[in-house]
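Asker: Below are the structure tokens for one structure; questions will follow.
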Amino acid sequence: MVTTRSKRRGQAAVELALGLLVFVTILLFGIHFAEIGYLSVKVTEANSSALWHATAAKMHTLPKDFGPVKSLISDNKAGEAATGIYADFDSRSSGGSATKQLLTSAQGLQVTCEAGGPSFAPVDTTGGVYENVGGMVCRAQATLQVLPLFPRSFMDTGAGGFFKKKQYQAANLTICGVNRGPGECEGRFAILLDDWGLATGAELEVCKLEDGAGCANGPFYKSTNRVYDEHVAVDGSAEALAKESVGSSPISPGTFFHSSMLYKDNVPGGEGTTTWETSPGEKSPTDEYDKSYSKRQKCWLGLKCPN
């Protein structure tokens, strides 16, 4: 009975030893691969962050001054910002240039952005206002290493080796933001920047009708003026009609007038009441139109008015 019990105990010890060989190997590699997966996601996150960070920057000053977005792309400002934020592979903190997990270290994260990707061009009549700057593409990469705590060899070499193949070949591992292939990180994320909308500063001001060419929102006024000039072709017909009808043309038919919301706080009835004036009327920015308006009286086309 004693002999049989001793044999059973000896068999259990052997099975435990063999099982631990496999279990410890799987445990260590499982932790290491999990850390590689986590750090790889952080590299991809830094790559995407550069693109979305760029969308918050100033893009232009209308009409057709797209120097800010061009500088943003060419100077790699978005890439540098993302590199600084994710240098320690943690966007919640700042500082540091590397990070260490239990078995894996990561360093050298670099995000680079340049011109490329999608493109969208304005139509001909808005070419004097907008510009096709194109898109921006970003790539990211970092280097991963195994820490000394990870055993370089475990029952896999020599005459008494338990495993037939060497478990690990120590080498630096390059992690890319997009692709996972060896070599250079050629995969890139792309984005089309700028919605061509009115943005900051003077472009947010209200351009009132009575302000004329000196309206507070100069970019909006100049932009609409350029589009107007592209659409309007003056052939003299309108001026000839005015002279035939009323004896003179008060203003050049191609003159640009800006029509916009004019707020009047003395208009009764309703909350936030506004009026929309679509004619220069008695507040036009040009003297010739004012003079003609004052002479108009009850005259209209087909009736001779005083000159």
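Asker: Could you tell me whether Val22 is part of a helix (DSSP H, G or I), touching a residue at least 12 places away in the same chain (Cβ under 8 Å), among the aliphatic types (A, V, I, L, M) and surrounded by 11 or more Cβ atoms within 10 Å (Cβ to Cβ)?
Answerer: no
Asker: On to the next question. Look at the range 115-147 and say how many of its residues are part of a loop (DSSP other than H, G, I, E, B), in contact (Cβ under 8 Å) with a residue 24 or more places away in the chain and open to solvent by 40 Å² or more (accessible area, probe 1.4 Å).
Answerer: 7
Asker: In the range 203-246, which residues are open to solvent by 40 Å² or more (accessible area, probe 1.4 Å), part of a loop (DSSP other than H, G, I, E, B), modelled with pLDDT of 75 or more and not β-branched (Val, Ile, Thr)?
Answerer: Answer for the range 203-246, where residues must be open to solvent by 40 Å² or more (accessible area, probe 1.4 Å), part of a loop (DSSP other than H, G, I, E, B), modelled with pLDDT of 75 or more and not β-branched (Val, Ile, Thr): Glu205, Ala216, Asp235.
Asker: When the residues of the range 100-114 are filtered to those that are touching a residue at least 60 places away in the same chain (Cβ under 8 Å) and open to solvent by 30 Å² or more (accessible area, probe 1.4 Å), which remaining residue is nearest to the chain's Cα centre (by Cα)?
Answerer: The extreme case among them is Gln101.
Asker: Test Ser249 against the criterion of being part of a loop (DSSP other than H, G, I, E, B), of a type in the set (S, T, N, Q) and either modelled with pLDDT of 80 or more or open to solvent by less than 60 Å² (accessible area, probe 1.4 Å) (or both), and give yes or no.
Answerer: yes
Asker: Scan the range 1-23 for residues that are of a type in the set (A, V, I, L, M, F, W, C) and at pLDDT below 65 and report the count.
Answerer: Going through the range 1-23 one residue at a time, the tally reaches 2.
Asker: If you take the residues of the range 50-74 that are open to solvent by less than 30 Å² (accessible area, probe 1.4 Å) and part of a helix (DSSP H, G or I), which of them is nearest to Ala106 (Cα to Cα)?
Answerer: Taking the range 50-74 as the starting set, the residues that turn out to be open to solvent by less than 30 Å² (accessible area, probe 1.4 Å) are 50-51, 54, 59-60, 62-63, 66, 69, 72-73.
Checking which are part of a helix (DSSP H, G or I) leaves us with 50-51, 54, 69, 72-73.
Details: Ala50: 19, Leu51: 23, Ala54: 25, Val69: 32, Leu72: 28, Ile73: 27 Å.
Filtering first and then ranking leaves Ala50.
The values are calculated or read from the model by the stated rules, or taken from the named source; none is laboratory data. The model shown is predicted, which means the values in this text are computed figures rather than measured ones. Ideal geometry is used to build each Cβ from the backbone, glycine not excepted, and the neighbour counts take in all protein chains shown. Ligands, DNA and RNA are excluded from the accessible area calculation, which covers all protein heavy atoms including side chains. Shrake-Rupley method; radii C 1.70, N 1.55, O 1.52, S 1.80 Å.
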